[in-house]
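The values are calculated or read from the model by the stated rules, or taken from the named source; none is laboratory data. Note that the coordinates shown come from a computational prediction; the quantities given were computed from them, not determined experimentally. Please note that ligands, DNA and RNA were not included when accessible areas were found on the heavy atoms of the full protein model with its side chains. Shrake-Rupley method; radii C 1.70, N 1.55, O 1.52, S 1.80 Å.
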Amino acid sequence: MNDTLTKLAAIIEQRKSASPDSSYVAKLHHAGLNKILEKVGEEAVETILAARDVQAGASREQLINETADLWFHSLVMLAHLDCSPAEVLAELERRFGMSGLAEKASRG
């Protein structure tokens, strides 16, 4: 699973400096952080709506597609801010064996 994130992060990093006319990723980076955040927010809302639809009996396919879009745009956001998915995975790993309630309380 990490291989997919690693490969995708490498492609996103590579395309950051491409021409906005030739790459969607480059177009987002060229538009700036606010545009990227707008896309993350849009995809988050679409993911929430798809999850509600699944709860109501709809197919899981739309939820999977919207979650993939959300993860993709989150990776673009991380790349724009020079963060890596490895850092996020390391944080998730750090939380293993820790109660979710205790982890949340430790953040203050």
Problem set entry | Listed values (i) 6.0; (ii) 7.6; (iii) 8.7, entry calculated as mean projected area of the Cα convex hull in nm² | (iii)
Exercise. Which value in deg cm²/dmol, rounded to the nearest 500, describes the helix-derived mean residue ellipticity at 222 nm for the chain, given -39,500 (n - 2.57) per DSSP H run of n ≥ 4 and division by the residue count?
Worked result: -24500 deg cm²/dmol
For this session: Using a 1.4 Å probe over the heavy atoms of the protein chains, calculate the carbon and sulfur portion of the accessible area of the range 24-108 as a whole percent.
Result: 59
Exercise. Excluding same-chain residues fewer than 8 positions from LYS16, which lysines have a Cα within less than 27 Å of its Cα?
Worked result: LYS7, LYS27, LYS35, LYS39
Exercise. Rounded to whole Å and sorted largest first, what semi-axes of the equivalent ellipsoid does the C-alpha gyration tensor of the range 1-43 yield via the square root of 5 times each eigenvalue?
Worked result: 19, 15, 7
Problem set entry | Largest-first ordering by accessible area, 1.4 Å probe, given options ASP69, ASP21 | ASP21, ASP69
